[in-house]
1. Every residue in region 367-422 that is assigned by TED's automatic domain parsing to the domain that holds P150 and surrounded by fewer than 15 Cβ atoms within 10 Å (Cβ to Cβ), please.
2. Filter region 228-246 down to the residues that are among the hydrophobic types (A, V, I, L, M, F, W, C) and closer than 18 Å to G290 by Cα, then identify the one that is modelled with the lowest pLDDT.
3. Does A27 satisfy being out of contact with any helix residue (DSSP H, G or I) (no Cβ under 8 Å at 6 or more places or on another chain) and at pLDDT below 50?
4. Quick test of your reading of the structure: L337 fulfils all but one of (1) aliphatic (A, V, I, L, M); (2) assigned by TED's automatic domain parsing to the domain that holds T114; (3) under 22 Å from A271 (Cα atoms). Name the failing condition by number.
5. List, please: which pairs have Cβ atoms under 7 Å, are six or more places apart or on different chains, and start with a residue in region 99-124 that is not assigned by TED's automatic domain parsing to the domain that holds L48 and end with one that is surrounded by fewer than 24 Cβ atoms within 10 Å (Cβ to Cβ)?
6. If I filter region 152-194 down to residues being assigned to a helix (DSSP H, G or I) and not hydrophobic (A, V, I, L, M, F, W, C), which single residue comes out as modelled with the lowest pLDDT?
7. With (1) of a type outside the set (V, I, T); (2) out of contact with any strand residue (DSSP E or B) (no Cβ under 6 Å at 6 or more places or on another chain); (3) surrounded by fewer than 24 Cβ atoms within 10 Å (Cβ to Cβ); (4) in contact (Cβ under 8 Å) with a residue 12 or more places away in the chain as the list, and N149 as the residue in question, which single condition is left unmet?
8. Looking at region 284-330, which of the residues that are among the aromatic types (F, W, Y) and part of a loop (DSSP other than H, G, I, E, B) is modelled with the lowest pLDDT?
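The values are calculated or read from the model by the stated rules, or taken from the named source; none is laboratory data. What you see is a predicted model, and the numbers here were worked out from it, not measured in a lab. FYI the Cβ positions are ideal-geometry reconstructions off the backbone, even for glycines, and counts take in every protein chain you see.
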Amino acid sequence: MNHFFNSTTDRRTVIKTLAASSLLPSAWVHAAGNTIKIGYVSPQTGPLAIFAEPDAFTLAEMKKVLSAGIKVAGKTYAVEFVVKDSQSSSNRAAEAASELILKDKVNLIVAGSTPATTNPVADQCELNGVPCITNDTPWQPHFFGRGGNPKVGFEWTYHFFWGLEDVIGVFTNLWTQIPTNKVVGSLFPNDSDGNAWGDAKIGFPPVLTQKGFKLIDKGRFQSPADDFSSYIAEFKKNNVDIVTGVLPPPDFANFWSQAAQQGFKPKIVTAAKATEFPAAIHSFGPRAEGLSVEVWWSPTHPFSSSLNGQSSAALADAYTKATGRPWAMPLAFKHSLFEVAVDALKRAADLQPESIRNAIRDTHLSTIVGNIDFKKGPVPNVAKTPLVGGQWKKTAKGFDLIVVENSQAPMVPVKAKFDPLR
């Protein structure tokens, strides 16, 4: 079962509960000796496990790259990775972070893969004064979902990814490439992502209205969801040409299968999270062709790793050669978490938590996902990465995600035309 925080209040209740237990002492003692410990939290099991598919490959690569250790203030330290599974549960993610801090005594924590993991992990680090780097959550659900104040920011936690403004720009520029009636049906679950994307102020609704689209929003559904009949009926009644949303792959699989059964044939389906992964796409069979989605990273992105000099294409090739699996967007973002962490450690004055935090704050680094600069904003503690739009197209090997829209990131080349669903 996937347990999402639905509000800041829920999350703080969990934090207070943990703080009241013996898990959270008043002071955090960092790792000592000749080893730097880096804690890592991701959803290795549960409905979000597809995000963690590149974990084993990435950690093996990091162990190779860092086999000689990291030099901090003239002294070389061995590196140990302590890995925890959030189980796709916000409650478990908070517990995992607490274990890393209090039992494993890590020097810093990195985490990724949706607000269900990044938010509670960052909250625990903020509470305990532990340096933390996260990504793979749009910055608004991460920053505002944690009660962030743009005038103040956070002290210990830093995040990099694109924002809702970017994905809205990508989606609407995709949709204007094909003639439609501009009626959009939404699939937003009752979780941190769904509530942010569907928010009347910071989400899709105001921008779609401004751009002349009509939004058909039946409200939030509880995930996991088995039956989308009422949504499909509403979409058919309103002649929806475009379907969008941000939902786990199993939920979208149910929706897309039921849409076929019930004769609902939109011209465009652009569903975040659900259609980002080759494994999920291939499970849809022929009905995967033409689905579109935002693209955070691809082998054609013009960026290279600060750790080993690999280009985006080389990283994708290395992954496929080692695993037999096609590249997926989280691959580069896993890699980049460790790029930023290692760069900060190398620049830190020592291994005191404050020194590591200060080095993270001062990051200005070209990575496999673009330049990371936490001082640029758009809010404190956040750096943005580029976003483009892609479409799944049939190839000799199956389906490939091709960049078809780059209005928000012109440095990433468009490789094909955007086509309507058949």
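1. K375, K376, G377, P378
2. Just the residues of region 228-246 that are among the hydrophobic types (A, V, I, L, M, F, W, C), to begin with: 228, 232-233, 235, 240, 242-243, 246.
Keeping just the survivors that are closer than 18 Å to G290 by Cα gives 240, 242-243, 246.
Working: V240: 98, I242: 98, V243: 98, V246: 94.
If we take residues in region 228-246 being among the hydrophobic types (A, V, I, L, M, F, W, C) and closer than 18 Å to G290 by Cα, then V246 is modelled with the lowest pLDDT.
3. Here the answer is yes, as A27 does meet what is asked.
4. (3)
5. Between residues of region 99-124 that are not assigned by TED's automatic domain parsing to the domain that holds L48 and residues that are surrounded by fewer than 24 Cβ atoms within 10 Å (Cβ to Cβ), there is no close pair.
6. Of all residues in region 152-194, those assigned to a helix (DSSP H, G or I) come to 164-175, 192-194.
Those still in the list that are not hydrophobic (A, V, I, L, M, F, W, C) too: 165-166, 169, 172-173, 192-194.
Numbers: E165: 92, D166: 95, G169: 95, T172: 96, N173: 96, S192: 82, D193: 86, G194: 92.
Across region 152-194, the extreme among qualifying residues is S192.
7. The single condition N149 does not satisfy is (4).
8. At the first step, the residues of region 284-330 found to be among the aromatic types (F, W, Y) are 284, 296-297, 303, 319, 327.
Now restrict to residues that are part of a loop (DSSP other than H, G, I, E, B): 284, 296-297, 303, 327.
Working: F284: 88, W296: 97, W297: 98, F303: 98, W327: 95.
Within region 284-330, the match that is modelled with the lowest pLDDT is F284.
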